[in-house]
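Presented below is the structure to which this report refers.
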Amino acid sequence: MSSERLYDMPERRLLILFATETGTAQDIADRIARESRNLLFKSQVVSVDCYTLENLVEEDFVIFVVSTTGSGVEPRAMTPMWNMLLSANLPPDLFEDLSFAVFGLGDTSYDKFCWPAKMLSKRLRSLGATEVCERGEGDEQHPFGIDGAIEPWLTKLSDTISDLYPLPNDIAVIPTPQIPESRVILKSSDSTGESKLPSSPGSLSATIISNRRMTAKGWNQDVRHIQIQLEKDVDYLPGDLAIIHPIASSQEVEDVLDSLGWTRIADEPLSIQRRLEDQSLPASLPETFTMRTLFSHHLDFNAIPRRTFFQYLRNFNSDETEREKLDEFLSKEGADELYEYCYKVKRTIREILSEFRKSSIPQNYVFDVFPFLRPRQFSIASSAKAHKRQVHLCAAIVKYKTQLKVPRKGVCTTYLSNLGPGSKLQVEIQRGLLKLPPSINTPVICVGPGTGVAPMRAIIEERLNLGSQSNTLYFGCRSATKDEHYADEWRRYSETCGLTYRVAHSRDGPEGVKRTYVQDLIEQDSYRIWKLLEDEKAWVYISGSSNKMPAGVRAALAKILEKEGGYSEEDSKKYVEGMVREGRLIEECWS
């Protein structure tokens, strides 16, 4: 049955609400919509911030796809609705007519794995809703990433939908087509391709002022201090994010166009005709574009592909040997081989295309085969009060080698590293998770090793600009001479503005001596930290990698409460948990 028959059945409507930070939840929502089409549903895929609580009350069946940000926090798009759902004034039978299912996305390296999805399920049930399908939980640490959970969960969901909404006896479920319809049809355009930088709503034109390496020459990590001039005043706050839209390497774009056999047509202007309204397109896609524009600005050929990529590759392959290999990858028996070939060694789409040269992908499928090139988030490392019309970034340029010893570079940080003074770019400002104490007299304790110091610099600059004298920074790095970011600033603030600056140089100590980290310094300052927490109700901020550091800092605080305050082990943990609930302990960490 064609999709035209599907859209003749408006009574079989399915609402899919997604809450995303990086776009993965939106990809999953699109996939659920594709699967639901086989059951003759017309899906509406909507970001949760575009749907009101009043409208949600009117629904009878909703699927939520919810990602996790920070250390177990809901995506920013979900916060307004979540706050309304938490209202104590809502009646317990508000959603008595609502059936729902939830798929959460998270990372088990965090303590609060898929926490927003779990809390949403619990809250909806407490308001009378019925969870009809066991919650799915996708884990980035799974050998197959999110795919490891979404495929079995989709099978459960399809069975659930079939039971809840059976088709009439004379209509059968549509078999999953071997080759699904493409979401668009590409058409030649009389117009010329775009010439200006693509931008999305809310983005600002900006110019690079300086792009300075802070780590020592020859050091194994290249960390930049990047100053960006905005086109107008923007009153951003500490903890806010700069969203950067990267541009792919022109040579890599040429390589992928060559692999696809599209070099000759790469600069022909095109436009699109939507075929499947329940499937997303890049938000900043212009009306007229070229294939070169798509791969430069909108499609991510350096991503590690999902399993569906191999299905398309197989469907459009003309070589018997290559098809056999792809069939093996896609079989249940070949799952381990696919993991070894792709996910374990982090092979990219571009690399795979160069090996499966006989896959001839139709142009209409370009948005189905290639994931969207998502903008990247960077914590702003400056205060708008201290730097008018400027945004500063503290960015580590991503470079590493895979298990195959293949050099790998981050798309966005490589783009940023090549921007010199005067270069133009597009920047969006997004509200962050941090907030400052209402009073400048309330002490703050900032813990930000490595590039985690970025939002701490913003907090400290903001507070100093407001006249605060109660600021402490714990910074961690490997070496005082190699990677102590903003060292001169911190020492100057210590001498002139009352900043308490403590730094752990983990690799500068004698050989064989236990390394010192930020949590060790916090424990060394036990009495001072106790007085700040108990007597002055200090706020604590933790930012950086989500490895052992955040948990180590929380454990250090708990030990101080035991030692200096006489708390039991259990009560000290409850005290720290209470700080989190009160908003006095805030984490912004990443994996």
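The values are calculated or read from the model by the stated rules, or taken from the named source; none is laboratory data. Since the model is a prediction, treat every value here as computed from it, not as a measurement. Virtual Cβ from ideal backbone geometry, glycine too; neighbours counted across all protein chains shown. SASA here: full protein model, heavy atoms, side chains in, ligands and nucleic acids out. Shrake-Rupley method; radii C 1.70, N 1.55, O 1.52, S 1.80 Å.
Restricting the search to the stretch 127-144, which residues are open to solvent by less than 60 Å² (accessible area, probe 1.4 Å) and either part of a helix (DSSP H, G or I) or under 15 Å from VAL65 (Cβ atoms) (or both)? Listed by number, the residues that qualify are GLU131, CYS133, GLY136, GLU137, GLY138, ASP139.
Going by what's in this entry, would PRO282 be described as in contact with a Phe, Trp or Tyr (Cβ under 7 Å, 6 or more places away or on another chain) and either modelled with pLDDT under 95 or assigned by the TED database to the domain that holds PHE41 (or both)? For PRO282, the condition - in contact with a Phe, Trp or Tyr (Cβ under 7 Å, 6 or more places away or on another chain) and either modelled with pLDDT under 95 or assigned by the TED database to the domain that holds PHE41 (or both) - is met. Restricting the search to the stretch 566-576, which residues are touching a helix residue (DSSP H, G or I) at 6+ places or on another chain (Cβ under 9 Å), open to solvent by 30 Å² or more (accessible area, probe 1.4 Å) and in a helix (DSSP H, G or I)? Once the filter is applied, which keeps residues that are touching a helix residue (DSSP H, G or I) at 6+ places or on another chain (Cβ under 9 Å), open to solvent by 30 Å² or more (accessible area, probe 1.4 Å) and in a helix (DSSP H, G or I), the stretch 566-576 yields GLU569, ASP571, LYS573, TYR575. When ILE304 is tested against (1) modelled with pLDDT under 95; (2) of a type outside the set (Asp, Glu); (3) open to solvent by 30 Å² or more (accessible area, probe 1.4 Å); (4) over 29 Å from PRO143 (Cα atoms), just one condition goes unmet, and that condition is (4).
Please go through the stretch 521-533 and pick out each residue that is assigned to a helix (DSSP H, G or I) and either open to solvent by less than 50 Å² (accessible area, probe 1.4 Å) or modelled with pLDDT under 95 (or both).
LEU521, ILE522, SER526, ILE529, TRP530, LEU532, LEU533
Looking across the stretch 462-490, the residues that are part of a helix (DSSP H, G or I) and either among the β-branched types (Val, Ile, Thr) or surrounded by 14 or more Cβ atoms within 10 Å (Cβ to Cβ) (or both) come down to GLU462, ARG463, LEU464, ASN465, ALA487, GLU489, TRP490.
Just to verify a result, which residue in the stretch 30-57, among those that are in contact (Cβ under 8 Å) with a residue 60 or more places away in the chain and under 25 Å from ILE243 (Cβ atoms), is least open to solvent (accessible area, probe 1.4 Å)? Across the stretch 30-57, the extreme among qualifying residues is ASP30. Applying the set (1) more than 30 Å from ILE361 (Cα to Cα); (2) open to solvent by 70 Å² or more (accessible area, probe 1.4 Å) to VAL173 leaves exactly one unmet item: (1). Condition (residue is touching a Gly at 6+ places or on another chain (Cβ under 7 Å) and either without any contact (Cβ under 8 Å) to a residue 24 or more places away in the chain or assigned by the TED database to the domain that holds ARG123 (or both)) applied to the stretch 58-66: is it met by at least one residue? Within the stretch 58-66, one or more residues are touching a Gly at 6+ places or on another chain (Cβ under 7 Å) and either without any contact (Cβ under 8 Å) to a residue 24 or more places away in the chain or assigned by the TED database to the domain that holds ARG123 (or both). Checked against the criteria, SER280 counts as open to solvent by less than 40 Å² (accessible area, probe 1.4 Å), in a loop (DSSP other than H, G, I, E, B) and among the hydroxyl-bearing types (Ser, Thr, Tyr).
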